[in-house]
Structures are given as structure tokens and as C-alpha cells.
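Working notes for the structure below.
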Amino acid sequence: MSLEKEPDIETIPNGHTIEQASTKACIAEGKHDQGELPLVYKISDSPPIHLTLFFGFQQALLSLAHQLAISLLVAEVVCASHDDEFKARLLSSTLFMTGLTTLMMVTIGARLPLFQGAAVEYLAPLLALGTVDPTFCTAKGKFDTSFAGNLTGNSTVDPMEHTLNAVTSLQGSLIVAGGIHTFVGATGIIGIILRFIGPITIVPAVLLIGLYMIKAATKFVIVNWIIALVTASITFILTLYLGRIKTPIPVWTRKKGFRIIRYPFHQVFAILIGVIVGWILCLILTATNFIPYEPDRSSFFTRTDSRSEVIEKAKWFYFPYPGQFGAFQFSSSALVGCLLATLLSILDSVGDYYACSKVCHVPPPPRHAVNRGLAVEGFCTILSGMVGCGHATTTYAGNIGAMGLTKVASRRVFVAVGIIYMLFGVIGKFSAVFITIPYPVLGGALISIVGVFIGVILSNLHEVSLTSTRNLAIIGVSLLIGVMVPYWIEKYPGDILTGNLTVDNLIKMFLGNANFAGAVTACFLDNTVPGTAEERGITAWYQQKGSSYDEKNYLEGMEIYNPWLPKSLRRSKILKFIPFLPDPEIAYTVNKEGGGKEETELL
């Protein structure tokens, strides 16, 4: 099954696509159509500069809406929903780090054409704050970022200081989580982790993140349900109902002259088109004064001029820098959520590396490339924490799917994508324009994004035996615990009484984190309840990560994964002891008899 067969491309926060709900695993397993055409530009090819920029902008726009949505969700959960200036700075930081991480991944990391976007998993620690203390945003000054991440009522601060306290506390936790992420990549211990973590653990943990994102998304939708539903409907019509139709596009070239080509334009950019249509509809309602200019009403944020002053106030150029929101602080409770998000991000990225290699028609990534990619992601998580994004970055499989459609897998294109996003982040007016998107339009986009996110997470169960009572019981109980325990903490916070306020609040933060409660339950049951590896989906996981290869099936060889090294070091025997660098004895050779198993097997 190939991406070209049914090109329904629609990206979601975790980077997957609607069509990839059923095809991502097939890509990773190498199921290609026999008649699949070769790539127009291979990984090592360099398209002309004008084509590089064109393909780069296409990939950049594909995931732009997701960077905006996740950035605004971060602002929402740190109580900055009405601070447009702060949201503009936050979005600039997100765009800049997205570009920097993409650039580093392509040139230093796995050296595959991979897009690194904002990771929604890291919102879980912030969502937990609202569960533990529903008055977190209304009772200003209650957030205390001590070692235990206390919620106390001993101080009174203004709204901005309250927001900065929440952000800087998360910064420290992200930095620590990023350090651990880097350690996992640099040491190559991901193989050990994969022995205990499988689909049955991953699905409940990530699914609970999506379910708890609904609370934040609803705040945007309820401003105007009609606009939100129209925006979401446009997206789904273009993606699902018109999924098998390609858009006719007139083009002209010197060799072939004027002609019509067909490309799934309306599917690739479905979310952006939906946002534009919703924005235009709000503009009409504003121009006709159908929505009155009454700032006290919630419907006021349907108007396009409700926050227009943010564009005037925004600087033309803004350079995100470490510590821009204040000195780093640390919250152990937020750290737990970040660590779990890091684990989920690692597992997702490994799968995306293999999916990308299939789309690019190259051998599966060797261990050193996987380890180096994870190390770069971890390092950039540290940088994201220092800058204050409120989230890390992760690999987006949606852009991998787009490569299958465009037949362009050049690393040079993704270098351009990284530079484009860094420029987006530096140009302050650009971020300010997107911050003024009417709330219901953003809510409609979130309906599409979060809805597909939940669906794609469920699709990961295709490797698991769903006829097994064991598996169904573990998944069901994990989801139930993941919903029930945070609900209990939210409704009856006084039930946790240890005699120590710090310990009480620490326990509340742990138990109030939905994906923590669900993941711990799922992992414990999956590793203690008797079951075969095939039944648990572990066998399929191993086969995906450790399959052998034959050079004749690929357009390029293993050399594409080799990082740049001085010639004097390329043959150094010490390299074989560094997990993220290629073994000099096999790095520049390819076994023509399908002997790549040792180099590609993680376990």
C-alpha cells in the first residue's frame, strides 16, 4: 500500500495524516505498490534554487496551522489566553525552534528529510494543573514553582507574573527532560526501552492527551459554534468527501508549454483552506456588523478586529532567546509529565524514521542514525525549554506523506523549510497576524486536528490482537483509570491528606496527569499479565525495526546516513564505541545479499 494510491493528506498535532491512520504501519513494513514511480529528487539530490524554495514553502505551509494551534493551546493553559502580545512572542519562539530543529535533524541528526514540529504531548503537564486546581487561572498568584511544584495561596501576583511563573517552571522541566532524551539517543538504550513499551502502553497514554485537549479546544469553539463547524466542515469535505479527487492546476513550462496537471492541493492544504474560509466569513460578519462590537460578550472574539491592535504593537523583528520569559525554574511534578511525553515522542519518532526511509526508497536507518536523530531531538528540547516554547518538537509523519505525493525527498528542500520557519519566527509581524485569527476559526481547526489525532492514535492498535480479552481488558482499564483518577483529584482534592502540603500537591499533580495514570496502569498490566509477544503487538514492532534489506531495492545506499566527519576520523576504530557515529568497518559498505540486519536492528 502506498501513499500515492489514496493521497488523503491531512496533518495532525502528532504529525500523522488521515490517510496514514491505516497506512503508516504499511509504510514502515515496506508494502509498496509494484508500479510505484521513482522519486523526482532523491535525498542527496539538489533541485534548482527556485524549485527548492517552492517545495520548501509547500512543506512549510503544510504544518503551519499545527504550530499555531499548539502554541495557542500552551498560552491557554498558562493563563495567557487574553494576552495577545505574549501569544505572539510564544508563537515566534515556536516557529523559530521548529525551523532550527528541522535544520539540525536534516544536517546532523538522522539525515533524513524530516520535519520537526511542535509536540502536543508536552501539554499534558500544563493540562494537569487545571485538573488539580480549577481556579489556577482565576486565582492569580497561586502557582509556586518550588521543588515540589506546589500550589499555594501565600502570594498575590499580577496576571503576567502568574503566567511567567507557569512558563518558567515548565522550562526547567523541559530542560531536564531534554537532557534525558539526549542521553537515550547518545547511549543507544532505546532498544532496551522497546522491550517493555509496546502499542498497548502507547495508545492509552497518548489517547488520554487527546481527550484532555478537548477542554482547551472547547473554549475556542463555544465563542461561535456555527463558524467553528463551518471551518471544520470545509476541512473534512476537502479531505474525506473529495479525497479521491485531484485538483486540476494549469502550469506552463518551456519544454511542454501550457498544460493541466492534477495534484491533491485541496487535501494537502485542507486545514489552511478551512481557516481561510472561516476567516473570510468572520470578516463578512464584522463588516456587516452582524456581530456587534461589544467587548463584554464572548461572541466579540468572532470579529476580525477584536484584537487587531496586536499587529500594530508587534515589532517587525523579534529574536527569541533563552530566558526571555525569566529565570528557569523547576517543578518535579511537571517533570514527570514531561518525561512521559519524552518517552512517547521517542517511540513515535523511531517509527517515523523508518516510514521516511520507505517513502524515500533508501535502506532502513542504521542504529547510529536513529540514535543521532533522537539525540538531536533531545538537544533541541533543551533549547526549546530554554527559549520558553512550553513544548518540545517531534517528527511529523504528515510531511513524510507529502513527500510520497510530490516525489521530492531532497534534504536541500528541508534545509530550506528550516530556514523558512526560522524567518517566520524572527519576523514579529508575521506571528502577530496569525494571533488575530478569530477564536471560532481556531476552534474549528482544532476540531479537525484533535479529532484526527484521536483517530490516528487508535489506529496504532492494528498490530495488537483485538480479539484477545487480555488486551481489551488492559486497554479499557487503563483508559478508565486515566479518566477516573484525574476526575477524582479535580472533584475531591481534599481527599489527599498526608500531613505535608508539599507532598499532597505533588501527589495531586502526579495523579491529576491523565496520561501518567493511564500509561503507568497500561505498562504495568501489559508487562505482568501473561501474553505472547505476537498478541501484544511486540512481534510486529520488532520486525518493523529489525528487517533486513537488499541494495537493489533502493535508490541510494547506507552512505546517506553518514554524518560529515574529517577523513582522519572516518576510519578511527574508536567510532565503533560511539553509539551515534557509524562503525568505520561497515559504514561505507552495503551487503548486496540482504545482510543489513545487524546494522539496522535496534534490539
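Given an 8 Å cut-off on Cα distances and at least 6 residues of separation, report the relative contact order of the range 46-600 as a percent. Spell out each step's value before the answer.
Details: 998 pairs, mean separation 167.0, N = 555.
Relative contact order for the range 46-600 comes out at 30 percent.
Give the peptides 523-532, 112-121 in descending order of average Cβ contacts within 10 Å, highest first.
Packing order, densest peptide first, comes out as 112-121, 523-532.
If we sort 90-96, 77-83, 338-344 on the protection proxy, mean other Cβ atoms within 10 Å, highest first, what's the order? Let's see the in-between values first.
Values: 90-96: 28.3, 77-83: 21.1, 338-344: 25.0.
Top of the packing list down: 90-96, 338-344, 77-83.
Using Cβ counts within 10 Å as a stand-in for footprinting exposure, how do Asp84, Asp305, Asp495 rank, fewest first? The partial results should precede the final answer.
Details: Asp84 21, Asp305 14, Asp495 10.
Fewest-to-most Cβ neighbours within 10 Å comes out as Asp495, Asp305, Asp84.
Which of the pairs Lys255/Lys358; Lys219/Lys315; Lys219/Lys429; Lys219/Lys491 have their Cα atoms more than 22 Å apart in this structure? Write out the running numbers ahead of the final one.
Values: Lys255/Lys358 32 Å; Lys219/Lys315 28 Å; Lys219/Lys429 26 Å; Lys219/Lys491 20 Å.
Long pairs (Cα-Cα over 22 Å): Lys255/Lys358; Lys219/Lys315; Lys219/Lys429.
Ranked highest first by the average count of other Cβ atoms within 10 Å around their residues, in what order do 424-433, 511-520 fall?
Peptide ranking by packing, descending: 511-520, 424-433.
Each label point is 7 Å from the Cα along the Cα-to-Cβ direction; what then is the distance between the points at Tyr293 and Glu309, in nm?
1.3 nm
For a test of the definition: using alpha carbon positions, the gyration tensor, and the 1.5 limit on a/c, classify the range 46-600 as rounded, prolate or oblate.
Values: a/c = 1.56, a/b = 1.15, b/c = 1.36.
Here the range 46-600 falls in the oblate category.
List, largest first, the extents of the alpha carbons of the range 417-565 along their principal axes, each in whole Å.
Largest to smallest, the principal-axis extents are 63, 55, 37 Å.
Sort Lys576, Lys87 so that the residue with the fewest other Cβ atoms within 10 Å of its own Cβ comes first and the one with the most comes last. Let's see the in-between values first.
Numbers: Lys576 15, Lys87 25.
The most exposed by this proxy come first: Lys576, Lys87.
The numbers here are math on the coordinates, done by the rules we state, and not lab data. This one's a predicted model, so the numbers in the text were calculated from it and none came from an experiment. Glycine gets a Cβ as well: all are built from the backbone with ideal geometry, and neighbour counts include every protein chain shown.
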